[in-house]
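Structure first, then comments.
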Amino acid sequence: MPGDEPVPSVDEVKRLAQSRFAAAAQHYVTDRIHAEGDELDRMVELARLTGRERVLDVATGGGHTALAFAPHAGEVVALDLTQAMLDAAARHVSARGATNVSFRLGDAERMPFAGAEFDVVAARYAPHHFPQPERFLAESARVLRPGGRLVIFDNMVPEDDELDAFMNRFESWRDPSHVRAHRSSEWVRLMEAAGFTVEAADPLVRKRYVFADWTAKQSMPAEQRGALSRWLLDAPGRCREFFAVTGDAGRAVSLEATFGFIAARR
């Protein structure tokens, strides 16, 4: 069962993420959860934009966050570790008519920018892939100007050991490049340690995964899909109830995961 393997190195995690997201790049452009998230409006609100800011979208994926910020900022730079993902995002952004978005290949934990280049750093659906979140936060603080803001929206687990372990297990089983969904309280501590002042830490929200689509997005082999389905349906009642696991004829149909916003000022 996934979860018992040796812990991979930082470089191995990043190579795995590159290979998996390169193969699924176009899917992340069209995926409903990534494309239609109402959290984008809240992220823009938390950034407190005036229309002149230079924004860095870290791990842009399909480019949806860059597109959401573009009408409200002077410039958006979309950063991603995977060239295929950048290419797919660039096609998407161009087709939507945004002209103030540029694209840059680079690592969230070793950003290819000078200090104090940006007014806002945003990251959506990405930090759970970062093997060294403290390095991501240190780099965000470095590239932000004094008074600049960091805004993240990501998988975040409840403040409960059993539910935390359960969610991280199903997320990493489905996608081995998942490192850890942190608790909101963990993000607050890490941000404060990096020199940020936390301005908002919203209550967790829920998103529903349709099991077949969710597993297809990462091209899970049929044997692993079946094993994960059985594991979810056989889980402790408390976990099944909290994550709203549903099934039909012995197969998982859907489940929910929790997500959170945090905004902080440098």
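Suppose the chain between ALA138 and ALA216 were pulled fully straight at 0.36 nm per residue; how much longer would it get relative to their current alpha carbon spacing? Before the final figure, lay out each step's value.
Working: separation 78, 0.36 × 78 = 28.08 nm, distance 3.44 nm.
Stretched out fully, the ALA138 to ALA216 stretch lengthens by 24.6 nm.
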Checklist entry - Taking only protein heavy atoms and a 1.4 Å probe, what accessible area per residue, in Å², does the range 111-266 have with all protein chains in place? => result 40 Å²
Next on the checklist: Between the range 92-168 and the range 216-266, how far is it from one alpha carbon centroid to the other, in angstrom?
Outcome noted: 24 Å
Checklist entry - Under the Kirkwood approximation for Rh and a Cα-based Rg, what ratio Rg/Rh is obtained for the range 127-265? => result 1.04
Item to check | Probe 1.4 Å, all protein chains present, accessible-area order of ASP234, ASP213, ASP87, largest first | outcome: ASP234, ASP213, ASP87
Checklist entry - Tell me, what is the FRET efficiency for LEU163 and GLU45 to the nearest 0.05, using R0 = 22 angstrom and their Cβ-Cβ distance as r? => result 0.20
Item to check | Computed E for GLN224/ASP87 - FRET, C-beta separation, R0 41 angstrom, nearest 0.05 | outcome: 0.90
Item to check | Along each principal axis, Cα extent of the range 71-179, largest first, Å | outcome: 45, 34, 24
Next on the checklist: Can you give the local net charge around ARG42? Use residues other than it whose beta-carbon is closer than 11 angstrom to its beta-carbon, Lys and Arg +1, Asp and Glu -1.
Outcome noted: -4
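Compute the projected area of the convex hull of the Cα atoms of the range 39-135, averaged over all viewing directions, and report it in nm² to one decimal place. Before the final figure, lay out each step's value.
On the way: hull surface 23.6 nm².
For the range 39-135, the mean projected area of the Cα convex hull comes to 5.9 nm².
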Checklist entry - So what does GLU186 come to for accessible area, using a 1.4 Å probe and Å² rounded to 10? => result 40 Å²
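Determine the share of the range 93-228's accessible area contributed by carbon and sulfur atoms, expressed in whole percent, with a 1.4 angstrom probe.
Details: 2710 of 5480 Å².
Carbon-and-sulfur percentage of accessible area, whole number: 50.
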Next on the checklist: Using 0.36 nm times the number of residues separating PHE113 and ALA193, minus their current alpha carbon distance, what extension gain do you get?
Outcome noted: 26.6 nm
Checklist entry - Where Rh is the Kirkwood radius over the Cα pairs of the range 171-241, the temperature 4 °C and the viscosity 1.567 mPa s, what D in µm²/s does Stokes-Einstein return? => result 87 µm²/s
Checklist entry - When DSSP beta bridges are limited to those with both residues in the chain, what percentage is antiparallel, rounded to the nearest 5? => result 50 percent
Item to check | Under the Debye formula (equal points on every Cα, no solvent term), log10 I(q)/I(0) of the chain at q = 0.14, 0.16 Å⁻¹ | outcome: -0.96, -1.25
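The values are calculated or read from the model by the stated rules, or taken from the named source; none is laboratory data. None of the values given here were measured: they were computed from a predicted structure. We place every Cβ from the backbone using ideal geometry, glycine too, and count neighbours over all the protein chains shown. In case anyone asks, the SASA skips ligands and DNA or RNA and just uses the protein heavy atoms, side chains included. Shrake-Rupley method; radii C 1.70, N 1.55, O 1.52, S 1.80 Å.
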